[in-house]
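A short write-up of the structure that comes next.
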Amino acid sequence: MINRDGAGVLWLVDLGSSNGVLHNGLRIKQPAQLRQGDQIEVCGHQFDFIQGDRPEAVPAAPDEAAFATLSAVKTVPTWLLVADVANSTHLNNTLPPERVAAAIGEWFRSCQTLLRKHTAEVNKHLGDGFLAFWPSPTVLPAQVLAAIRELKSFQQTSPVGFRFVVHHGRVMVDSAVSRGEDSLLGPEVNFIFRMEKLAGALGTPCLLSAVAAQQLPVPGELVSKGRHPLAGFEGDFEMFVV
């Protein structure tokens, strides 16, 4: 599927197809920006991407099987949260596997219940961490702040130590029928995972992006953690704690 974001940029998206989508001969694993003359291949059907009012040729449409997994993709402003167990290596080295699994399971269930109370949903369970988001684009920053504060309180009593990061940005949401779940796509998703790595390096239990911090109703409680580079992104980015 080709999706246009809020800035008018066109992206090629693979919505979970079993055969994959090729962009200039390479199978894509995340949205790929399209440029004039790019080659696209879906289920053995090849296309040239031509952007303009009057393309010279219109390729034949692929059969219905090529689009069996497609569904509507929308780009929406979304609050994102990534949480991760901070001491998983230590836990695995000091406790029996069944106790580690029980502790992480209890932590995950508690976080999931807490977030749902504040209208957020866990999108992906990532072993000893998870990605969550607020599905409604009209969620109030105060609801996000309430979740942040409750998570910070839970850090004092959690069965495992953990850190979490919060970001806000425009994300492509794919409600893929073939997977039965929402899939979050785009650079902002990559950004928050880079933030989580930074939080680990800084030893910070909670980290907010500048975009998120600016929208939360707590200007007097925010403390800058300085500007930092993030792998895969140009420039340095200011981060905050609350």
Cβ-Cβ below 7 Å, separation at least six or inter-chain, first residue in the stretch 212-225 and touching a residue at least 40 places away in the same chain (Cβ under 8 Å), second surrounded by 11 or more Cβ atoms within 10 Å (Cβ to Cβ) and part of a strand (DSSP E or B): which pairs? A212/V166; A212/H167; A212/H168; Q215/H168
Residue in the stretch 69-76 that is within 29 Å of the chain's Cα centre (by Cα), within 30 Å of R149 (Cα to Cα), at pLDDT below 85 and exposed (fewer than 11 other Cβ atoms within 10 Å of the Cβ) present: no
Considering every residue within the stretch 196-214, establish whether at least one is over 20 Å from H118 (Cβ atoms), out of contact with any Lys or Arg (no Cβ under 7 Å at 6 or more places or on another chain) and crowded, with 18+ Cβ neighbours inside 10 Å. yes
When every residue in the stretch 21-52 that is surrounded by 15 or more Cβ atoms within 10 Å (Cβ to Cβ) and within 23 Å of the chain's Cα centre (by Cα) is compared, the one nearest to L184 (Cα to Cα) is P31
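Taking the stretch 6-15 as the region of interest, how many residues are at pLDDT below 75 and buried (at least 17 other Cβ atoms within 10 Å of the Cβ)? Reasoning before the result, please.
Filtering the stretch 6-15 down to residues at pLDDT below 75 leaves 6-8, 14-15.
Filter once more, so that each one left must be buried (at least 17 other Cβ atoms within 10 Å of the Cβ): 14-15.
Adding up the residues that qualify gives 2.
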Kindly list, by first and then second residue, each pair from a residue in the stretch 91-102 that is under 18 Å from G129 (Cα atoms) to a residue that is assigned to a loop (DSSP other than H, G, I, E, B) and of a type in the set (V, I, T), limited to pairs with Cβ atoms under 8 Å and residues at least 6 apart or on different chains. L91/V160
Among the listed residues A66, A142, A102, identify the single one that is surrounded by fewer than 16 Cβ atoms within 10 Å (Cβ to Cβ), in a helix (DSSP H, G or I) and at pLDDT below 90. A102
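In the stretch 112-128, what residues are assigned to a loop (DSSP other than H, G, I, E, B) and either of a type outside the set (A, V, I, L, M) or in contact with a Cys (Cβ under 8 Å, 6 or more places away or on another chain) (or both)? Spell out how you get there, then give the answer.
Within the stretch 112-128, the subset assigned to a loop (DSSP other than H, G, I, E, B) is 118-120, 126-128.
Selection gives H118, T119, G127, D128.
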What pairs come out if I take residues in the stretch 139-155 that are more than 19 Å from G129 (Cβ to Cβ) and pair them with residues that are assigned to a helix (DSSP H, G or I) whose C-beta lies under 7 Å away, six or more apart or interchain? P141/Q215
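Matching residues to (1) within 17 Å of A147 (Cα to Cα); (2) in contact with a Leu (Cβ under 8 Å, 6 or more places away or on another chain):
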site	(1), (2)
L208	yes, yes
A212	yes, no
Q215	yes, no
K225	no, yes
L230	no, yes
G235	no, no
E238	no, no
V242	yes, yes
Whichever residue in the stretch 44-60 is closer than 27 Å to V173 by Cα, part of a loop (DSSP other than H, G, I, E, B) and in contact with a strand residue (DSSP E or B) (Cβ under 9 Å, 6 or more places away or on another chain) and, among such residues, is modelled with the lowest pLDDT: Q51
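The values are calculated or read from the model by the stated rules, or taken from the named source; none is laboratory data. This is a predicted model, so every value here is computed, not measured. Cβ atoms come from the backbone with ideal geometry, glycine included; neighbour counts cover every protein chain shown.
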